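The structure appears right after this line, and notes come after that.
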Number of protein chains: 2
Amino acid sequence: MSAEQREQKKAPLLAALKTLLPAEALIHEPEALHPYECDGLPTYRQMPLLVVLPETLEQLQQVVRLCHQQRVPVVARGAATGLSGGALPLADGVLLGLAKFNRILEIDPLARTARVEPGVRNLAISQAVAPHGLYYAPDPSSQIACTIGGNVAENSGGVHCLKYGLTVHNILELKLVTAEGELITLGSGALDTPGYDLLALLNGSEGMLGIVVEVVVKLLPAPERAQVLLAAFDDLALAADAVGEIIAAGIIPAGLEMMDGLAIRAAEAFAHAGYPKDAAAILLCELDGINEEVSVHLKLVHDLLLQVGATEVRTARDEAERQLFWKGRKSAFPAVGRLSPDYYCMDGTVPRKRLAEVLTGISRLSEHYGLAVANVFHAGDGNLHPLILFDANQPGELKRAEDLGAEILELSVRVGGTITGEHGVGHEKLHQMCVQFSPAELEQFRAVKRAFDPDGLLNPGKAIPQPRHCSEYKSLGSDTLTAPSRRGGVR
Amino acid sequence: MSAEQREQKKAPLLAALKTLLPAEALIHEPEALHPYECDGLPTYRQMPLLVVLPETLEQLQQVVRLCHQQRVPVVARGAATGLSGGALPLADGVLLGLAKFNRILEIDPLARTARVEPGVRNLAISQAVAPHGLYYAPDPSSQIACTIGGNVAENSGGVHCLKYGLTVHNILELKLVTAEGELITLGSGALDTPGYDLLALLNGSEGMLGIVVEVVVKLLPAPERAQVLLAAFDDLALAADAVGEIIAAGIIPAGLEMMDGLAIRAAEAFAHAGYPKDAAAILLCELDGINEEVSVHLKLVHDLLLQVGATEVRTARDEAERQLFWKGRKSAFPAVGRLSPDYYCMDGTVPRKRLAEVLTGISRLSEHYGLAVANVFHAGDGNLHPLILFDANQPGELKRAEDLGAEILELSVRVGGTITGEHGVGHEKLHQMCVQFSPAELEQFRAVKRAFDPDGLLNPGKAIPQPRHCSEYKSLGSDTLTAPSRRGGVR
């Protein structure tokens, strides 16, 4: 669409929106639009046609209805912390900001639920319910900033999702505005709800099936005790094996995280967490529950880590040291970022038993492409976050980083894993969807999309590739495409 | 469709099927069809056009493709233990029996998964993996007989689902044959999978979106210890309050079951479990986990039950008594069945805090209709199973039982609950779907159905009512229909 065509589309839309919304809820001057041109993956940038920031549900529904009438695409956005370009605007589309939907509507400590608007920040929920001894379990690294509506769109996880599940496991009910602007309710307070499980379907649907306008979240009682073990290894593969052993022992840690040597040293220089700087890998294993249970599990895991071959196992001395151990882990991304002008964070999953093999493969790919890779990840659920270091100012490096990232994801698929664990497909991983799924599977996704949005107006072009897209990608002749699909691995 | 029309449809279909399948895989003589005319809800009976029992995936796909070509509806059936008529045959349709798909294909003790065919019995999975110290958690009362394919179709729960979740929380991957006969895979071994969550969508879809032909289930380590408490109350409302108090104390029991006086006395006469026969209600509270955790929780719950007003709290002396306490509960349905020529088992959910109020309401309805109601239910997740006693040989009693059941379900909706907790909607509760959901919500369900089955050939007429169905039901003028929808209750 040319600049001229865009202007032709924009003028009548803007005029109509002005009748629905106060002036401050409409952003349309090019300089004011700049802050909205990307999400947490700034590799991709696109100015939207205009930005709409409604304040009430009625305004929001009117905007959606208008866009439906005028066949204008809509991209919804919370805090835009997403890492796969899922909230990347469209040149001919409205960016629908939900920042003003930021109220906690109700807290029910007995039912252990909170009813919140989609723009409420993840951490704000736990802060609001803390006086009742409760918290909201999913804790993505961006939890200070990211919003619950975005968490639903991406089915966000976090350090604690191994034990407490993803967003889908912690949500009871949603209110959704459909592509036509209708308000419907999905799910209920009950463990199961009659009819198809549209609540689960919406989780991770990346803004393509509807606009989430209200969420009922489950709350959990804060555990009586949480304690963390730090284990050092002089061999990455041993650390990977230890992960499988802990799970096989029947223990589900509250968090089980791994960092490799490069990540350890970067994090230590940044956070001074007391990590062993010469280790090839560390594991952080958090155990929570009632006091007695934690004591028993601490001893079990401690002994097991030494048996598997840890060179050192430390229990945090006190709550301050526990927080410090986690501070190192949580600041690992920005810490690694200091090593290099740019970094690219990947997000794949692999079966736990293939962890060691995949880490070796990543190391080989890193050498082949001549780009360093630091590994910081949710080891317990096999969710890798390789951080590829590069310099976008060096000609060709961004392309090389992207190619390396694609190879890592396709390696994950070959061993029976997936191309995203929690960051979503967004704009970034459309190619890899063609590798992950068969044409019949992709067509089933498209049919579901049409069932919610027959005109393709909600975040079009994201998450689910069109057939043409896959045939073009496959014609590039990537040899990974002839590899067995993920099913081979699961068997 | 007249008998003549059916015969006209049957002949060419049968001829074509004979070219695809061995003779013993086809049942078409009227007398041989009789065993297939109902499922676990024998109130509804219908002879199918014919029954097909394929042995291989290829045969199954060929049958589905043929039915698709000839526009013949298909009703899939596992062990047909369902309680809502979900596997009720169609006069002009094929009943597709999956009994021969009964192999356990792979057990992976490290990944803690088993890959099984849909006709494998629920209990057979736990038995097969017991040598590895593992088990499959969801345990519907019918677990000796019911199959995993049916469990997926109904999203089955059971006593342990309060702590360990429903089928949807214990399934990692499905293979599905679509309405067109294509094979697709949904989900993966990873915690999250890219694309829409079709795996969750299939759980509880009651055979209307595809035929499940393979399931990868999660396995859990058998808990180190399980112990049960029995608490007696002289007031049903106090027992209901105790349920909320236990959950509010931050404890998630492995099972938390309630029985009222009528159910207690029937179960005791049948199973000699040692229940207090003069109690108005008992609670069975099972706690499991590591030894220390169970000890701490036993003491907490014991004290709490006495505080709330239990007249007696007993801990099972030994494993034999624990099993006996559960035997009483598990045989409660047949035990109550001995009190009366017939009984009708309902299945609704209500928020835990409304339990006492709803039990009072059921008691009032029971008097009004002149039919006794025994209550045996999963109290922890607010899943009621009122058993309505009646005599089908007394003119009008079946109708009265059905009307009473409908009123109980609609009462559940009014207090913010749902019309089914785990038995599904099936043929039985189509009316109540019109009460539970708005027209826009029902239309969204229908759109999803069309996305999988545009010709409406998979188990048509079940679970999701057509608009005409709802308008006819509403025109009956039931005053419950003007009551606030479930959202009023959840707030």
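The values are calculated or read from the model by the stated rules, or taken from the named source; none is laboratory data. Values in this document were obtained by computation on a predicted structure and should not be read as measured data. We place every Cβ from the backbone using ideal geometry, glycine too, and count neighbours over all the protein chains shown.
Report, by residue number, each residue of segment B:313-355 that is closer than 24 Å to B:L229 by Cα and charged (D, E, K, R).
As a first pass, look at segment B:313-355 and keep what is closer than 24 Å to B:L229 by Cα: B:313-336, B:349-355.
Of everything in segment B:313-355, those that are closer than 24 Å to B:L229 by Cα and charged (D, E, K, R) turn out to be B:R314, B:R317, B:D318, B:E319, B:E321, B:R322, B:K327, B:R329, B:K330, B:R352, B:K353, B:R354.
Out of A:A372, A:A406, A:A356, A:A379, which single residue is surrounded by fewer than 24 Cβ atoms within 10 Å (Cβ to Cβ), touching a strand residue (DSSP E or B) at 6+ places or on another chain (Cβ under 9 Å), in contact (Cβ under 8 Å) with a residue 24 or more places away in the chain and outside the structural domain of A:D234 (by TED's automatic domain parsing)? Lay out the reasoning, then the answer.
Details: A:A406 fails: touching a strand residue (DSSP E or B) at 6+ places or on another chain (Cβ under 9 Å); A:A356 fails: touching a strand residue (DSSP E or B) at 6+ places or on another chain (Cβ under 9 Å); A:A379 fails: surrounded by fewer than 24 Cβ atoms within 10 Å (Cβ to Cβ).
One residue alone meets the criteria, A:A372.
Yes or no: A:P454 at the interface with another protein chain (Cβ under 10 Å from one of its Cβ atoms), within 24 Å of A:L49 (Cα to Cα) and in contact (Cβ under 8 Å) with a residue 24 or more places away in the chain?
Numbers: at the interface with another protein chain (Cβ under 10 Å from one of its Cβ atoms): yes; within 24 Å of A:L49 (Cα to Cα): yes; in contact (Cβ under 8 Å) with a residue 24 or more places away in the chain: yes.
Considered against the rule, which asks whether it is at the interface with another protein chain (Cβ under 10 Å from one of its Cβ atoms), within 24 Å of A:L49 (Cα to Cα) and in contact (Cβ under 8 Å) with a residue 24 or more places away in the chain, A:P454 comes out as yes.
Taking A:N151, is it within 14 Å of another protein chain (Cβ to nearest Cβ), under 27 Å from A:L53 (Cβ atoms) and out of contact with any Leu (no Cβ under 6 Å at 6 or more places or on another chain)? Break it down stepwise before answering.
Working: within 14 Å of another protein chain (Cβ to nearest Cβ): yes; under 27 Å from A:L53 (Cβ atoms): yes; out of contact with any Leu (no Cβ under 6 Å at 6 or more places or on another chain): yes.
The answer is yes for A:N151.
If you take the residues of segment B:125-146 that are in contact with a Leu (Cβ under 7 Å, 6 or more places away or on another chain) and of a type in the set (S, T, Y), which of them is farthest from B:A87 (Cα to Cα)?
Just the residues of segment B:125-146 that are in contact with a Leu (Cβ under 7 Å, 6 or more places away or on another chain), to begin with: B:129, B:134-138, B:143-144.
With the extra rule that they be of a type in the set (S, T, Y), the set shrinks to B:135-136.
On the way: B:Y135: 27, B:Y136: 24 Å.
If we take residues in segment B:125-146 being in contact with a Leu (Cβ under 7 Å, 6 or more places away or on another chain) and of a type in the set (S, T, Y), then B:Y135 is farthest from B:A87 (Cα to Cα).
Could you list, in sequence order, all residues of segment B:272-296 that are closer than 15 Å to B:I251 by Cβ and within 14 Å of chain A (Cβ to nearest Cβ)? So that I can check it myself, show each step before the final result.
Let us first name the residues in segment B:272-296 that are closer than 15 Å to B:I251 by Cβ, namely B:283-290, B:292-296.
Passing the criteria: B:L287, B:D288, B:G289, B:I290, B:E292, B:E293, B:V294, B:S295, B:V296.
Among the candidates A:Q61, A:Q70, A:Q143, single out the residue that is touching a strand residue (DSSP E or B) at 6+ places or on another chain (Cβ under 9 Å) and within 22 Å of A:N459 (Cα to Cα).
Numbers: A:Q70 fails: touching a strand residue (DSSP E or B) at 6+ places or on another chain (Cβ under 9 Å); A:Q143 fails: within 22 Å of A:N459 (Cα to Cα).
Among A:Q61, A:Q70, A:Q143, only A:Q61 is touching a strand residue (DSSP E or B) at 6+ places or on another chain (Cβ under 9 Å) and within 22 Å of A:N459 (Cα to Cα).
Of all residues in segment A:416-440, which are more than 13 Å from A:M346 (Cα to Cα), at the interface with chain B (Cβ under 8 Å from one of its Cβ atoms) and either buried (at least 21 other Cβ atoms within 10 Å of the Cβ) or within 20 Å of the chain's Cα centre (by Cα) (or both)?
If the condition is that a residue be more than 13 Å from A:M346 (Cα to Cα), at the interface with chain B (Cβ under 8 Å from one of its Cβ atoms) and either buried (at least 21 other Cβ atoms within 10 Å of the Cβ) or within 20 Å of the chain's Cα centre (by Cα) (or both), then A:G416, A:G417, A:M433, A:Q436, A:F437 are the ones that fit.
If A:A111 satisfies all but one of (1) within 14 Å of chain B (Cβ to nearest Cβ); (2) at pLDDT 95 or above, what's the number of the condition it fails?
Going through the list (1) within 14 Å of chain B (Cβ to nearest Cβ); (2) at pLDDT 95 or above, A:A111 breaks only (2).
Give segment B:450-473 a look and list any residue that's assigned to a helix (DSSP H, G or I), within 18 Å of B:C67 (Cβ to Cβ) and either in the same structural domain as B:G207 (by TED's automatic domain parsing) or not hydrophobic (A, V, I, L, M, F, W, C) (or both), or say none. Don't jump to the end; show me each part of the working.
Of the residues in segment B:450-473, the ones assigned to a helix (DSSP H, G or I) are B:450-452, B:467-473.
Still in the running and within 18 Å of B:C67 (Cβ to Cβ): B:450, B:452.
The answer is B:R450, and nothing else.
Residue-by-condition table, conditions (1) acidic (D, E); (2) free of Cβ contacts under 8 Å to residues at least 40 places away in the same chain; (3) under 23 Å from B:P465 (Cα atoms):
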site	(1), (2), (3)
B:T178	no, no, yes
B:G189	no, no, no
B:A200	no, yes, yes
B:G204	no, no, yes
B:G207	no, no, yes
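Suppose we keep only residues that are acidic (D, E) and either farther than 16 Å from B:G255 by Cβ or in contact with a Lys or Arg (Cβ under 7 Å, 6 or more places away or on another chain) (or both) within segment B:298-328. Which one would you say is surrounded by the most Cβ atoms within 10 Å (Cβ to Cβ)? Break it down stepwise before answering.
Step one: list which residues in segment B:298-328 are acidic (D, E), which gives B:303, B:312, B:318-319, B:321.
From what is left, the residues that are either farther than 16 Å from B:G255 by Cβ or in contact with a Lys or Arg (Cβ under 7 Å, 6 or more places away or on another chain) (or both) are B:303, B:312, B:318.
On the way: B:D303: 12, B:E312: 14, B:D318: 9.
Checked segment B:298-328; the qualifying residue surrounded by the most Cβ atoms within 10 Å (Cβ to Cβ) is B:E312.
So how many residues does segment B:226-259 have that are outside any helix (DSSP H, G or I) and without any contact (Cβ under 8 Å) to a residue 40 or more places away in the chain? Steps first, please.
Within segment B:226-259, the first condition is being outside any helix (DSSP H, G or I), and the residues that meet it are B:226-235, B:249-259.
From the residues that got through so far, the ones that are without any contact (Cβ under 8 Å) to a residue 40 or more places away in the chain too are B:250.
Qualifying residue count, segment B:226-259: 1.
Which of (1) modelled with pLDDT of 95 or more; (2) closer than 22 Å to B:P351 by Cβ; (3) surrounded by 22 or more Cβ atoms within 10 Å (Cβ to Cβ) does A:Y135 not meet, given it meets every other one?
Just one mismatch for A:Y135, condition (3).
State all residues of segment B:435-491 that are in contact with a helix residue (DSSP H, G or I) (Cβ under 6 Å, 6 or more places away or on another chain) and at pLDDT 95 or above; if no residue qualifies, say none.
Result: B:A447, B:V448, B:A451, B:I464, B:P465.
Hey, can you tell me all the residues within segment A:304-351 that are of a type in the set (K, R), at pLDDT below 95 and touching an Asp or Glu at 6+ places or on another chain (Cβ under 9 Å)?
Narrowing segment A:304-351 to residues of a type in the set (K, R): A:314, A:317, A:322, A:327, A:329-330, A:338.
If we keep only those that are at pLDDT below 95 too, we end up with A:327, A:329-330, A:338.
Scanning segment A:304-351 gives a single hit, A:R329.
I want to confirm something. Restricting to segment A:457-474 and keeping residues that are within 11 Å of chain B (Cβ to nearest Cβ) and touching a residue at least 40 places away in the same chain (Cβ under 8 Å), which single residue is surrounded by the most Cβ atoms within 10 Å (Cβ to Cβ)?
First, pick out the residues of segment A:457-474 that are within 11 Å of chain B (Cβ to nearest Cβ): A:463-465.
From what is left, the residues that are touching a residue at least 40 places away in the same chain (Cβ under 8 Å) are A:463-464.
Details: A:A463: 27, A:I464: 24.
Applying the filter and picking the extreme gives A:A463.
Does A:G189 count as modelled with pLDDT under 95, on the phi > 0 side of the Ramachandran plot and not assigned by TED's automatic domain parsing to the domain that holds A:L262? Show your work before the answer.
Numbers: modelled with pLDDT under 95: yes; on the phi > 0 side of the Ramachandran plot: no; not assigned by TED's automatic domain parsing to the domain that holds A:L262: yes.
No, not satisfied.
Scan segment A:379-415 residue by residue and report those that are within 14 Å of chain B (Cβ to nearest Cβ) and in a loop (DSSP other than H, G, I, E, B).
A:G382, A:H385, A:V415
What's the number of the condition B:V213 fails, among (1) surrounded by fewer than 23 Cβ atoms within 10 Å (Cβ to Cβ); (2) under 25 Å from the mean Cα position of the chain (by Cα); (3) assigned by TED's automatic domain parsing to the domain that holds B:A273?
All conditions pass for B:V213, except number (3).
Residue-wise test of (1) of a type in the set (S, T, N, Q); (2) within 14 Å of another protein chain (Cβ to nearest Cβ).
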residue: A:A124; (1), (2): no, no
residue: A:P131; (1), (2): no, no
residue: A:Y135; (1), (2): no, yes
residue: A:G157; (1), (2): no, yes
residue: A:T167; (1), (2): yes, yes
residue: A:L172; (1), (2): no, yes
residue: A:L186; (1), (2): no, yes
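Please enumerate the residues belonging to segment B:224-237 that are at pLDDT below 95 and surrounded by 18 or more Cβ atoms within 10 Å (Cβ to Cβ).
B:L236
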